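Everything below concerns the one structure shown next.
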Amino acid sequence: MKVLITGSSGLIGSELVTFFDARAERVVGIDNNMRADFFGEEGDTQWNQQRLIQTTRHFRHYHLDIRDRAALAFLVQSEGTFDLIIHCAAQPSHDLAARRPFDDFDVNAVGTMNLLETTRQYSPDAVFVFMSTNKVYGDAPNDLPLEERDRRWDYARPQDYDGVSEEMRIDRSKHSIFGASKIAADLMTQEYGRYFGMKTHCLRGGCLTGPNHSGVELHGFLSHLVKTQLTGCTYRVFGYKGKQVRDNIHSYDVARAIEEIYRNPRSGEVYNLGGGRQNSCSILEAFDLIEQLTGRKMNYEYTEKARDGDHICYISNMTRFKSHYPKWQLIRSLDDILIDIIRAWKVRLAA
Ligand SMILES: NC(=O)c1ccc[n+]([C@@H]2O[C@H](COP(=O)([O-])OP(=O)(O)OC[C@H]3O[C@@H](n4cnc5c(N)ncnc54)[C@H](O)[C@@H]3O)[C@@H](O)[C@H]2O)c1
């Protein structure tokens, strides 16, 4: 089995490298550390790249920009056909996209197009997985009736209890510039499945998280929150009284979901992928959990204005994925996730 992973030094990409290194004959990673360009030193992913090189057996890293379609085509041609291609490289932040719209679109939309077309030309039978996002729904999920609880917002109607399904509309909503570039990539990925018959899949992630995130204020909610707490800094909450809800899924459970897709691929498919209700928390609830686990008080300040296009309550409804892949279920709980992130930050901060 031969696997190509873009964004291989990032949170999800690096988890996938480790995961498939144990299962594949060859794992090829592409990452140009653009996260450092996007977010500065804190976003630098080279530590993770080095860690992978030291801990894997079948991994080869290429410092390559997915915007460079000639280089991408050359790499795939020279490496030969792949069985599985997982596309994780991205500009992942709402706020940064508004400041750097061309970079955002070039990486997210055009970069995905480059990878799809390279796959079609040189590795058309590969199972292709694109890491999409729940931001493709824009702020449409905010139209669901909500009720305010003590520490969180929640859905008011019983039929929304399990969260947002793929039936949610993707247009006529405010996505942020980031959400719109990702939706362009998501649609193109679907189209390469429907039109060309390729084995393409979009995974619309909730909050993907885990120990190897270079979390920053603009991206990587739990990782940034834990780091802020452990370093005694102040976390900034943007709007919704801190009661906004996210569902969190460990990068290992993401990798297991992709393995299931690889074993039984489909074409032009779209799935929500998140921790669901069982792994959901509001920011205030996350503070409570982290305080319990570390014994330290969380310092935070509150800004009334919410981020543009931000979700008030988002829980991924996983019914569709689970019905196609019944063997998969979440194995890492929210506590497991936080313990893992805390442990990883303690090691990194001590280094
Ligand atoms: N983390 C989340 O909460 C979340 C939620 C939903 C969707 N997603 C999606 O999942 C994917 C992976 O997210 P992540 O959290 O691992 O992000 P990440 O920022 O940790 O990793 C992305 C990696 O891509 C690399 N990269 C960026 N531009 C590149 C380019 N032009 N060429 C080559 N490499 C480039 C970065 O250096 C980084 O290492 C992204 O597509 C993201 O939009 C993430």
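The values are calculated or read from the model by the stated rules, or taken from the named source; none is laboratory data. Here the structure is a predicted model, which is why all the values come from computation and not from measurement. Every residue, glycine among them, receives a Cβ derived from its backbone with ideal geometry; neighbour counts consider all protein chains shown. Ligands, DNA and RNA are excluded from the accessible area calculation, which covers all protein heavy atoms including side chains. Shrake-Rupley method; radii C 1.70, N 1.55, O 1.52, S 1.80 Å.
Quick rundown of the values:
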item: Tally of residues being of a type outside the set (A, V, I, L, M) and within 13 Å of the ligand (Cβ to nearest atom) across the stretch 212-232; result: 9
item: Filter result (in a loop (DSSP other than H, G, I, E, B) and open to solvent by less than 40 Å² (accessible area, probe 1.4 Å)) within the stretch 148-162; result: ARG152
item: Filter pass, MET1 being away from the ligand (no atom under 13 Å from the Cβ) and not hydroxyl-bearing (Ser, Thr, Tyr); result: yes
item: Condition check for ILE312: open to solvent by less than 40 Å² (accessible area, probe 1.4 Å), farther than 29 Å from ALA185 by Cα and either at pLDDT 95 or above or touching a Gly at 6+ places or on another chain (Cβ under 8 Å) (or both); result: no
item: Residues of the stretch 163-211 that turn out to be part of a strand (DSSP E or B) and either open to solvent by 40 Å² or more (accessible area, probe 1.4 Å) or within 10 Å of the ligand (Cβ to nearest atom) (or both), as a count; result: 7
item: Index of the failed condition, SER123 passing every other in (1) more than 14 Å from the ligand (Cβ to nearest atom); (2) surrounded by fewer than 16 Cβ atoms within 10 Å (Cβ to Cβ); result: (2)
item: Within the stretch 104-120, tally of residues that are open to solvent by 40 Å² or more (accessible area, probe 1.4 Å) and either within 14 Å of the ligand (Cβ to nearest atom) or among the hydroxyl-bearing types (Ser, Thr, Tyr) (or both); result: 4
item: Residues of the stretch 7-20 that turn out to be assigned to a helix (DSSP H, G or I) and either crowded, with 24+ Cβ neighbours inside 10 Å or without any contact (Cβ under 8 Å) to a residue 24 or more places away in the chain (or both), as a count; result: 8
item: Subset of the stretch 270-297 (residues that are in contact with a Ser or Thr (Cβ under 8 Å, 6 or more places away or on another chain) and either open to solvent by less than 20 Å² (accessible area, probe 1.4 Å) or among the aliphatic types (A, V, I, L, M) (or both)); result: VAL270, ASN272, LEU273, GLY274, GLY275, GLY276, ASN279
item: Which listed residue, of GLY138, GLY179, is at positive phi and touching a residue at least 24 places away in the same chain (Cβ under 8 Å); result: GLY138
item: Entirely in the stretch 21-100, the helices (runs of 4 or more DSSP H) that have 1 or more residues that are within 15 Å of the ligand (Cβ to nearest atom), small (Gly, Ala, Ser) and closer than 29 Å to ILE183 by Cβ; result: 34-39, 69-79, 94-99
